[in-house]
């Protein structure tokens, strides 16, 4: 049995488990921000998943013994549209499976995910625009400058390819339009 020693390999195992279990998902958070912006170290993986009580058992089986995954806690999270966790035992990588919400923005964001090649493994990831919006929402909640750094990196890297109409509309609807304007007009260093 091949030992998983890197973050990349642990993430690949999670992606393969989601595919094997037939669970639609998208990578969000710092991994998505790193993909769309500048790479930065992280020891966790955030995944929005269409996780249902019926699919939890499939995911538990697909993750296997390489991961700590509390199936009962995940069943509760799926029923309550909350978060379920897994930990890759060898690398210590923590995976947060955020259960897909049913509000309009969550559905739109999920429908806009893009499929990429992640180190030879197919992966679905939040769009650059939705990564920006989500990071701005997290900043409002946490006031963590890391969120703004991620936004700045995604803006700088993608400024000529972003759907500004979509960004403006949803930033306004989500109440982060002033933050987006401030970030858009800040100097990229």
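The values are calculated or read from the model by the stated rules, or taken from the named source; none is laboratory data. On a predicted model such as this, the values are computed, not experimentally measured, just so you know. Note: ideal-geometry Cβ built from the backbone for every residue, glycine included; neighbour counts use all protein chains shown.
Computed quantities for the displayed model
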item: Which numbered condition residue 150 fails, given (1) under 23 Å from residue 12 (Cα atoms); (2) in the same structural domain as residue 19 (by TED's automatic domain parsing); result: (2)
item: Candidate set from segment 48-95 (those that are touching a residue at least 60 places away in the same chain (Cβ under 8 Å) and closer than 29 Å to residue 129 by Cα); member that is nearest to the chain's Cα centre (by Cα); result: 48
item: Residue in segment 110-121 that is within 11 Å of the chain's Cα centre (by Cα), under 24 Å from residue 172 (Cα atoms), in contact (Cβ under 8 Å) with a residue 24 or more places away in the chain and in a helix (DSSP H, G or I) present; result: yes
item: Any hit, segment 86-103, residues being part of a strand (DSSP E or B), touching a strand residue (DSSP E or B) at 6+ places or on another chain (Cβ under 6 Å), in the same structural domain as residue 14 (by TED's automatic domain parsing) and surrounded by fewer than 14 Cβ atoms within 10 Å (Cβ to Cβ); result: no
item: Per-region count, segment 160-181, residues surrounded by 12 or more Cβ atoms within 10 Å (Cβ to Cβ) and farther than 24 Å from residue 107 by Cα; result: 1
item: Residue that is nearest to residue 48 (Cα to Cα) [pool: residues in segment 134-148 that are in contact (Cβ under 8 Å) with a residue 24 or more places away in the chain and surrounded by 16 or more Cβ atoms within 10 Å (Cβ to Cβ)]; result: 134
item: Residue within segment 72-94 that is touching a helix residue (DSSP H, G or I) at 6+ places or on another chain (Cβ under 6 Å), at pLDDT 95 or above and within 30 Å of residue 161 (Cβ to Cβ) present; result: no
item: Test: residue 108 is within 24 Å of residue 30 (Cα to Cα), touching a strand residue (DSSP E or B) at 6+ places or on another chain (Cβ under 9 Å) and at pLDDT 95 or above; result: no
